[in-house]
1. What are the pairs with Cβ atoms under 9 angstrom where one residue, in segment 1-19, is on the phi > 0 side of the Ramachandran plot and modelled with pLDDT of 85 or more and the other, located anywhere, is surrounded by 10 or more Cβ atoms within 10 Å (Cβ to Cβ) and assigned to a loop (DSSP other than H, G, I, E, B)? Sequence gap at least six, or different chains.
2. For segment 36-57, how many residues are in a helix (DSSP H, G or I) and loosely packed, with under 10 Cβ neighbours inside 10 Å?
3. Is it the case that segment 18-32 has a residue that's outside any helix (DSSP H, G or I) and surrounded by 10 or more Cβ atoms within 10 Å (Cβ to Cβ)?
C-alpha cells in the first residue's frame with residue numbers, strides 16, 4: 001500500500017512527465033501570440049496591503065469624522081452651561097479627595 005501523495009509530490013510528478021514528453025509535443029506557429037494573449041487576459045496581480053497600510057487608510061478615513069466630532073463637542077460645550085459642573089471640580093480643589101479615597105479603601 002502506497003502512502004498518499006502530497007500536493008508537492010503530485011505537481012512534481014506532472015512536471016516531470018511533461019518535461020520527458022516535450023519531444024513529442026507539436027507547437028504551431030502562433031504559440032507566442034497565444035501565450036501573450038493569455039498573459040494579458042490574466043491581468044495584473046493585485047498586491048495584498050500590509051497591516052500598516054490598512055491602518056493608515058483607516059486613520060485617514062476617520063480623520064475628517066474625528067475633526068467634525070471635536071468641533072461639534074467644542075461648540076456644544078461653549079453653548080451649554082458648562083459651569084454647572086463646577087462644584088464637582090471644586091471638591092477636588094479643596095482637598096477632600098483624600099477623604100473620599102480613604103472611604104473607598106476602608107481606612
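The values are calculated or read from the model by the stated rules, or taken from the named source; none is laboratory data. Just so you know, these numbers come straight off a predicted model, no measurement behind them. Heads up, the Cβs are rebuilt from the backbone with ideal geometry, glycines too, and the neighbour counts pull from every protein chain shown.
1. Hits for this filter: zero, empty list.
2. At the first step, the residues of segment 36-57 found to be in a helix (DSSP H, G or I) are 36-42, 51-57.
Remaining after also requiring loosely packed, with under 10 Cβ neighbours inside 10 Å: 38-42, 51-52.
The total comes to 7.
3. The first filter runs over segment 18-32 and keeps only residues outside any helix (DSSP H, G or I), leaving 21, 25-30.
Then drop every residue that is not surrounded by 10 or more Cβ atoms within 10 Å (Cβ to Cβ), which leaves none.
There is no residue in segment 18-32 that is outside any helix (DSSP H, G or I) and surrounded by 10 or more Cβ atoms within 10 Å (Cβ to Cβ).
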